[in-house]
Amino acid sequence: MDLFLQNIVNALQWGSFYALIALGYSMVYSILMLFNFAHGDIFMVGAYIGFGIATGLLALAAMAGLPVPGWLVLVLTIIISMFLTSFVGIFIERVGYRPLREAPRASAAITGLMIGIILETGNLALLGARRLSFPSLIDTVTFQIGSVYVTNKKIFIVAVSLSLMFGLHLFIQKTKWGMAMRAMSYDFQAVPLMGVSINKLAPLTFAIGSGLAAAAGILYGLAYPVLDPYMGILLGWKAFVAAILGGRGSILGAALAGFLLGFIEIFAAWIFPSTFRDLIAYSIILLILTFRPHGFFGQAHSTQLRL
Amino acid sequence: MQLVIRNLQVSYDKIKVLHGIDFTIAKGEIVTIIGANGAGKSTTLKAISRLIPADKGSVMEFEGKDLLTYQPDRVVSELGISHVPEGRRLFGNLTVLENLQLATFARKDREQIKKDMEQVFAIFPRLKERLTQASGTLSGGEQQMLAVGRAYMSGHKIMLLDEPSMGLAPLLMLSMFDALREINKEGTTILLVEQNARLALKFAQRGYVIENGRLVLEGPSADLLDNPDVKKAYLGG
C-alpha cells in the first residue's frame, strides 16, 4: 500500500513531463493537421536554454555578490526560458513548416524529423558531446507523509505543470485567440473566412507549445539533472504517443494521456522487472488503441473537407 | 463598379476549371450566378475570397483595390467581403455566440460590432434564443441562419453566398431569402451562386449563367427567366 502511494507520487511527476510535451504536439496538430516531430528536440533545446539561463543568473548573482535565493533563480529560469524557447518554435514554423503548408502531409512530417536532427546535431556541434549537469537550484527537502516520501522538487514539478495546464486551458477557453484555435481544430479551412490570420495563429501555437516544452525541459533537469543532445528523442516519441492516445488534437486528452502514460510506465516498472517497463507499458497502450483508435477524446469527425 | 472581375482563370492541379470569366457588380446590387454542379460557381467565389489562387492574367478588383494582393483573412477583415461557404462550415464545437464573435476577430470597431450583433438578432431572432448552444446541435435552418449571421459579423460590404438554399425545406428557403433581402436593403451587396435557378433569379436583379467554367449568358433576371435556353436547361422546361 505504501509503495503503491509512493508510486502514484512518482507517476505524477513522470507524467507531468509527458503531459507538458504532449500538449505541444496536440496543439500544433489541432490547428495545422501536422505532427511537429521536432517537438521532442524543442524540449531538449528548452532544457539547454534553461541550463544557460540558470548558469548565467547564478554567475551574475555571484559577480554582484548578491545572495539570490535558488528558488528565485529557478522561477526566473523557467519564465525566461519559456519565453526564449517560444521563439525557437516560431522560427521552426516560419522556416520549416510554413513553406510546406500546402504540401503533402508526409513532406511536412519529414521536415519535422529533419529539423529535429538539425537541432540535435547543431547542439552537438555547438556544445560538444559532453553531457551537462543541470545546476541544482534548490536543495532537496524530503517530507514524509504517512509512509510516503515526497520531495519539495516533486511537489514543485507537479504544481508548476498543473498550473501551466490550467493556464493553457483558460487561454483556450476564454481568449479570442484560444477561440480561434478551437475553431481551427474543427474546420481549419473556414477559419480565414472569419478574418483570422493563419500566419499569426500558427506561430502563436508553436510558441505556446514550445514554451510548455521548455518548462518541461527545465523541470526534467531539476529531477534528472543530466542534459545531452539526444534527451528529447525518446521522451518526445513517448509524449507523441500520449498525444495520440489522448485523441488527436484534444488538449485535455493530451494532458490526461500524458499522466496516464506516466502511471502505466511507473506501475509496469513496479510490478515487472524494470527492463520490461517500456515493453509492458507500450503493449498496454497498443491494446488501448486497438479498442479506441481515435484515442480518448479524439473525434472521428470528417469536417476537414476541402472548402 | 464595386467588384470587377476580368479574365478570371483558376486551375486545380493544372486543369483549368475557370476559363477567363468577366463580370461586374455595382454597390447594393443582388447578382446571381447560376449553373449546374461543377460548372465553376463555388470556384468563382473561392477565388474572390482568395481561398484558392487565381491564374496569371486574372484581374479582380474590389472598390478599386487589387484583390490579388490580399491574403484570405485580409479580404474579410480589411475589405469587408464576407463569404457564406457551401455546406455552411460552422464551427460545430463552438457555441452560437462564439461563432458570431469569432467572425469579429480582426475588427476593432466595438460600437459597430454591437450594432451589427443587434442587427443579426433582429433578422434572425432564433439565434438569440440559441446563444449558448453548440452550433453543431442546431437544426439545418438555424445553422444556415448562423452561417449568414456569422458572415454578416465578419464584414458586410458584400456577401458571397454559396448555395444557401441547400438542404432547406421550401418554407425555410423562402424566409432565408427574405432575410437576405433585408440584409441587402441595409446596404450589403449580394453575390449569390445557386443551383436552384428559379429561386435565385427571382431573388436577384441580374444573373449570369455559367457552363463549364465560362459565363455563357447574362442579363436582367426577368430576361433570363424568359430565355428559352435557360428555361430548358435550368428551370425544368
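The values are calculated or read from the model by the stated rules, or taken from the named source; none is laboratory data. Keep in mind the model is a prediction, meaning the values are calculated, not measured. Ideal geometry is used to build each Cβ from the backbone, glycine not excepted, and the neighbour counts take in all protein chains shown. Only protein heavy atoms, including side chains, enter the accessible area calculation; ligands, DNA and RNA are left aside. Shrake-Rupley method; radii C 1.70, N 1.55, O 1.52, S 1.80 Å.
If each Cα of chain B is one equal point scatterer, what is log10 of I(q)/I(0) from the Debye formula at q = 0.13 Å⁻¹?
-0.76
Over the heavy atoms of B:Lys41, what accessible area does a 1.4 Å probe trace out, to the nearest 10 Å²?
10 Å²
Provide a whole-number value for the mean count of partner chain Cβ atoms within 10 Å of the Cβ atoms in peptide B:76-84. List each step's numbers first, then the result.
Numbers: counts 5, 5, 1, 0, 1, 1, 3, 4, 1.
What the average comes to for B:76-84 is 2.
Please provide three numbers in whole Å: the alpha-carbon extents of region B:126-237 along the principal axes, with the largest listed first.
49, 28, 24
Take the alpha carbon atoms of region A:1-67, find their center, do the same for region A:137-165, and report the distance between the two centers in whole angstrom.
Distance between centres, Cα-based: 15 Å.
How many square angstrom of accessible surface are buried between A and B, both sides summed, with a 1.4 Å probe and rounding to 100?
Counting protein atoms only, the buried area is about 2100 Å².
I'd like the carbon and sulfur percentage of the solvent accessible area for chain B, probe radius 1.4 Å, heavy atoms only, ligands and nucleic acids excluded.
50 percent
What do you reckon, how do A:Phe83, A:Phe171 stack up by accessible area (1.4 Å probe), largest on top? Write out the running numbers ahead of the final one.
On the way: A:Phe83 125, A:Phe171 55 Å².
Reading off the accessible areas and sorting them downward yields A:Phe83, A:Phe171.
Using modelled amide H (1.01 Å from N, peptide plane; none on Pro or chain starts), what sits under 5 Å from the amide H of B:Leu215, excluding residues fewer than 5 places away?
Counting only residues 5 or more places away or on other chains, the set is B:Asp22.
Please report the accessible area of A:Glu102 (heavy atoms, 1.4 Å probe, ligands and nucleic acids excluded) in Å², nearest 10.
Approximately 150 Å² of A:Glu102 is accessible to the 1.4 Å probe.
Please average, across the residues of B:99-112, the number of beta carbons from any other chain that are within 10 Å of each residue's own beta carbon, and give a whole number.
Average neighbour count from other chains, rounded to a whole number: 3.
Given the rule -39500 (n - 2.57) for each run of at least 4 DSSP H residues, summed and divided by the residues of chain B, what is its mean residue ellipticity at 222 nm, to the nearest 500 deg cm²/dmol?
-11000 deg cm²/dmol
With a bin width of 10 angstrom, please list the P(r) values of the protein assembly as shown as percents of all Cα-Cα pairs, from the 0 bin to the one holding the largest distance.
Computed distribution, short to long bins: 4, 16, 23, 20, 15, 11, 7, 3, 1, 0.
Provide, as a two-decimal number, the C-alpha radius of gyration of region A:2-233 over 2.2 N^0.38 Å, N being how many residues it has.
Cα Rg divided by the expected 2.2 N^0.38 Å: 1.08.
On full extension of the chain, what length is gained from A:Arg94 through A:Lys174, given 0.36 nm per residue of separation minus the C-alpha to C-alpha distance?
Roughly 26.1 nm would be gained on extension.
Using amide H atoms built 1.01 Å from N in the peptide plane, name the residues 5+ places from B:Gly207, or on other chains, whose amide H lies under 5 Å from its own.
Correct list: B:Thr32, B:Gly219, B:Ser221.
What does the helix-only formula give at 222 nm for chain A: each DSSP H stretch with n ≥ 4 adding -39500 (n - 2.57), the total divided by the residues, and the result rounded to the nearest 500 deg cm²/dmol?
After summing the helix terms and dividing by residue count, I get -24500 deg cm²/dmol.
Might you work out the accessible area of A:Val226 for me, using a 1.4 Å probe with all protein chains in place, and round it to the nearest 10 Å²?
For A:Val226, the solvent-accessible surface is approximately 70 Å².
Before I look further, what does region A:2-233 give for accessible area per residue, probe 1.4 Å, in whole square angstrom? Could you put the intermediate results ahead of the total?
On the way: 9530 Å² over 232 residues.
With all protein chains present, region A:2-233 gives 41 Å² per residue.
Cα gyration tensor of region A:90-183, axes a ≥ b ≥ c as square roots of the eigenvalues: rounded (a/c below 1.5), prolate (a/b > b/c) or oblate?
Oblate is the answer for region A:90-183, as a/c is 1.5 or above yet b/c matches or exceeds a/b.
Evaluate the distance, in nm, between pseudo-label points positioned 7 Å from the Cα of A:Val226 and of A:Leu286 along their respective Cα→Cβ axes.
2.8 nm
Ordering A:Ile117, A:Ile244, B:Ile158 by accessible area with a probe of 1.4 Å, largest first, what comes out?
So the residues, ranked largest to smallest area, are A:Ile117, A:Ile244, B:Ile158.
Express the C-alpha Rg of region B:1-109 as a ratio against the empirical globular expectation 2.2 N^0.38 Å, rounded to two decimals.
Details: Rg = 15.0 Å, N = 109, 2.2 N^0.38 = 13.1 Å.
Computed over Cα atoms of region B:1-109, the ratio equals 1.14.
Roughly how many whole Å is it from the C-alpha centroid of region A:85-101 to that of region A:261-302?
31 Å
Consider a paramagnetic label point 7 Å from the Cα of A:Leu234 along Cα→Cβ; state which residues of region A:250-279 have an amide N under 14 Å from it.
A:265-266, A:269, A:274-279
Per residue, how much space in cubic angstrom lies within the convex hull of the C-alpha atoms of region A:162-207?
68 Å³
For chain A, what % of the accessible area comes from carbon and sulfur atoms, probe 1.4 Å?
Values: 9920 of 13620 Å².
Taking all protein chains in place, chain A shows 73 percent carbon and sulfur surface.
Can you list the aspartates and glutamates whose alpha carbon sits under 19 Å from that of A:Lys238, skipping same-chain ones fewer than 8 residues off?
A:Asp41, A:Glu120, A:Asp228, A:Glu265, A:Asp278
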